[in-house]
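The values are calculated or read from the model by the stated rules, or taken from the named source; none is laboratory data. If you're wondering where the values come from, they're calculated on a predicted model, not measured in any experiment. Cβ sites come from the backbone with ideal geometry, for glycine too, and all protein chains shown count toward neighbours. The protein model used for the area step is the full one, side chains on, heavy atoms only, and it has no ligands, DNA or RNA in it. Shrake-Rupley method; radii C 1.70, N 1.55, O 1.52, S 1.80 Å.
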Amino acid sequence: MALNGSQNHEKLIKLLQVSRETINSLKIFEELLLENNAKFNLIGKSTEKILKTRHILDSAQAIDFIDKKSKICADLGSGAGFPGIILSILFRERKYPIRMDLYDKSPKKCEFLTKVVKKLDLNVQVVEKNVLEQKNLNVDTILARAFKPIQSVFEIVTVNFKNFENLILFLGKSGKQTLLDASKVWEFEYKERKSITSNDSLILNIKKIRKKI
């Protein structure tokens, strides 16, 4: 059964299996986001009350797909910092020396992300650029949550990145169908996991992506 939005910080500690220090960092991030949401339009107003599950816990579950030996992860269209900021906080908890690169073309959102990074002293690089206009990007893992349709993401990662091991995607209700449609045009290997925050959603770890000839 997927979780609802009533989870408190004590339950979040238990679910994420993290220290109170990490929970405190998540709480500071949550407070900053809510304080700045009206100014920066970071998340939908309707999701503010279910922030812990809809955004924080949903983002956190992707960490199980990330190799601790990775050096750089890229979050495409990071927006409010989901999943990039959340995962960076968890990297510190687990002592993973991974840098998170947050790509977003919005100056306002990058201003907010920079504020969070400085406040929490995270190993994060905020990149105020349109990732579609970048070339030869070199990272180990790429993440995309509520960014673009799956086939558009495949096109971006194969054209704009010169090397990566994993692509982690968050898919919603139509995820199975979009995956099937993509398989007609693309070859790839993947593992899937049902989201712990929504019975209709999936988390995918995709490797060896290439367009069919």
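Per-structure values
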| item | result |
| --- | --- |
| Entries of 148/173; 71/148; 95/207; 71/115 with Cα pairs more than 18 Å apart | 71/148; 95/207; 71/115 |
| Quotient of Cα Rg and 2.2 N^0.38 Å for the range 29-80, N being how many residues it contains | 1.33 |
| Karplus (6.51, -1.76, 1.60) ³J(HN,Hα), θ = phi - 60°, over the range 100-109, in Hz, Gly and Pro reported as x | 9, 9, 9, 9, 7, 8, 7, x, 5, 5 |
| Amide H contacts of residue 145 (H built 1.01 Å from N, under 5 Å, at least 5 apart or other chain) | 76 |
| Protection proxy ranking of 184-190, 152-158, 83-89 - average other beta-carbon atoms within 10 Å, highest first | 83-89, 152-158, 184-190 |
| Semi-axis lengths, Å, the range 1-159, gyration tensor of Cα atoms, sqrt of 5 times eigenvalues | 24, 18, 15 |
| Accessible area of the chain belonging to carbon and sulfur atoms, whole % at 1.4 Å probe | 47 percent |
| Unit charges at the beta carbon, dipole of the range 1-160: most positive-side option, 47, 34, 124 | 34 |
| Of all DSSP beta bridges in the chain, antiparallel share, percent nearest 5 | 40 percent |
| Accessible area in square angstrom per residue, the chain, 1.4 angstrom probe | 52 Å² |
| Spatially proximal aspartates and glutamates relative to residue 194 (Cα-Cα < 17 Å; intrachain offsets below 8 disregarded) | 58, 64 |
| Per residue Cα convex hull volume in Å³ - calculated over the range 96-207 | 125 Å³ |
| Only Lys, Arg (+1) and Asp, Glu (-1) charged, at Cβ; the chain dipole about Cα centre in debye | 200 debye |
| Accessible heavy-atom area order of 46, 59, highest first, probe of 1.4 Å | 46, 59 |
| Using alpha-carbon coordinates, inclination of helix 20-40 to the longest axis of the chain, degrees | 80 degrees |
